[in-house]
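See below for the structure under consideration.
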Amino acid sequence: MKKYSVYLAFLALVLASLACQTVMGGGDNFQVPDVQDMPEVPQPQDGGEIPTLPPVTNDDDGGVAVGGESEFPVTSDAFGVVSMSEMVTFQTKMSTDDILKFYRDEFSKQGYKEDESMAITFGKTFTLAFTGHSSGKVIYVVGADAGDGSLYVTITLG
């Protein structure tokens, strides 16, 4: 009896596989489209330029930095740095307390004032806010545990 159940199960699997190929349109009739049949890549309508990607650089330690220089300071051990207009994000091995001290010192030296009503610290997660930027916007420093002994830090102007 066991012998027939194995054959019956195998037959059921083969039939199910054939049914799936039929329903999903599988089979030998798949064709790779010819490059000449592919649609043309759309160009900007306003005559503008297609944006370029920011530069990617590697440092001597194998870290990657994307984007240009940031107006915001980053720690000396920063890695995985990504900077864009009005934003920079990176990882650091510094402790939460050291990061908080670093940004409070750095931004106060630059003439910014901390909005203490916006300061939140919960374990390895924190938010700081600084006023006094020439744009009138607030500088936010946000950090969170990366789970590998480092912290993600993001600084934005908002």
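Every read-out reported here was derived from the displayed coordinates using simple, explicitly stated rules and does not represent laboratory data. If you're wondering where the values come from, they're calculated on a predicted model, not measured in any experiment. FYI the Cβ positions are ideal-geometry reconstructions off the backbone, even for glycines, and counts take in every protein chain you see.
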Shape metrics for segment 84-158, restricted to C-alpha atoms - Rg then Dmax, Å
11.9, 36
For R104 and T125, extending 7 Å from Cα along the Cα-Cβ vector and measuring point to point gives, in nm, a value of 2.1 nm
Extension gain S85-V138, at 0.36 nm per residue separation less the Cα-Cα distance, in nm?
17.6 nm
Long-range lysine pairs (8 or more apart or interchain), segment 59-157, Cα under 23 Å
9
